[in-house]
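The values are calculated or read from the model by the stated rules, or taken from the named source; none is laboratory data. Please read these numbers as outputs of a predicted model, since none were measured by experiment. Cβ sites come from the backbone with ideal geometry, for glycine too, and all protein chains shown count toward neighbours.
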Amino acid sequence: MEQPIQLVDVTPGGKLRLNGPALQQLRNVGRPACVIGIIGKYRDGKSYLLNRIFACKPGEGFDLGHSVKGETKGIWLWYRLVDDAYVVLLDCEGTGDVDRRDSELDVKLAILVTLLTSYLIVNLKGALDETTLSQLQYEIFIVRAADGIGLLRNSRKI
Ligand SMILES: Nc1nc2c(ncn2[C@@H]2O[C@H](COP(=O)(O)OP(=O)(O)O)[C@@H](O)[C@H]2O)c(=O)[nH]1
Ligand SMILES: [Mg+2]
């Protein structure tokens, strides 16, 4: 896949919307596949870090934010065949974006990424604080609940 594509968009009404062409791209992912997702605060280098995983040149890969606003909106997808396995990257809009007032939406996006990934990167600058920790505990609770009702039957358990 040459460039990342948006997998999940956020409607003006605040609903999550799947992007059909991106789903089609996902169907092209062969096996074995490793899905790496990232969550964390906006403008803290999530997209930058994912680009480093694919050793991107400047201007390639996930868009980076160069202002106070977060550049990534919703969830973005990118994959490549690395040796004999597909590596799928999921980049998530960060929490606390100045453009976004709805913190519930931040949590929904983070949970969706967590549910879809085999490896989750929690990107933090500095120490793990109480707010971040309790948010993570809440997200893990939801993911375990989804596991309990069988949504994650074929994927890794956390
Ligand atoms: N040099 C350098 N720049 C970084 C690093 N992490 C983030 N940046 C820069 O910080 C800005 C925000 O990064 P971005 O990945 O868009 O943040 P995101 O909102 O968490 O995805 C961009 O201009 C990046 O180039 C890093 O480790 N080194
Ligand atoms: Mg980003």
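Give just the number: which of (1) within 12 Å of ligand 2 (Cβ to nearest atom); (2) assigned to a loop (DSSP other than H, G, I, E, B) does LEU50 not satisfy?
Here LEU50 clears every test but (2).
Based on what the data block shows, is THR132 more than 21 Å from CYS56 (Cα to Cα), β-branched (Val, Ile, Thr) and over 11 Å from the mean Cα position of the chain (by Cα)?
Against the criterion (more than 21 Å from CYS56 (Cα to Cα), β-branched (Val, Ile, Thr) and over 11 Å from the mean Cα position of the chain (by Cα)), THR132 qualifies.
In region 75-127, which residue that is basic (Lys, Arg) and in contact with a strand residue (DSSP E or B) (Cβ under 7 Å, 6 or more places away or on another chain) is farthest from THR11 (Cα to Cα)?
ARG80
Of the conditions (1) within 25 Å of ASP84 (Cα to Cα); (2) away from ligand 2 (no atom under 16 Å from the Cβ), LEU16 fails just one. Which one is it?
Here LEU16 clears every test but (1).
Taking GLY37, is it away from ligand 1 (no atom under 11 Å from the Cβ) and touching a Phe, Trp or Tyr at 6+ places or on another chain (Cβ under 6 Å)?
So GLY37 does not fit the description; no.
Could you count how many residues in region 12-24 are in contact with a Leu (Cβ under 9 Å, 6 or more places away or on another chain), assigned to a helix (DSSP H, G or I) and surrounded by fewer than 17 Cβ atoms within 10 Å (Cβ to Cβ)?
Adding up the residues that qualify gives 1.
What residue, of ASP97, ASP63, is in contact with an Asp or Glu (Cβ under 9 Å, 6 or more places away or on another chain) and either among the basic types (Lys, Arg) or modelled with pLDDT of 90 or more (or both)?
Every option except ASP63 fails the conditions.
Scan region 25-47 for residues that are in a strand (DSSP E or B) and either of a type in the set (Val, Ile, Thr) or within 14 Å of ligand 2 (Cβ to nearest atom) (or both) and jot them down.
Result: VAL35, ILE36, GLY37, ILE38, ILE39, GLY40, LYS41.
Which of the residues belonging to region 26-79 are polar (S, T, N, Q) and crowded, with 17+ Cβ neighbours inside 10 Å?
Listed by number, the residues that qualify are SER47, ASN51, THR72.
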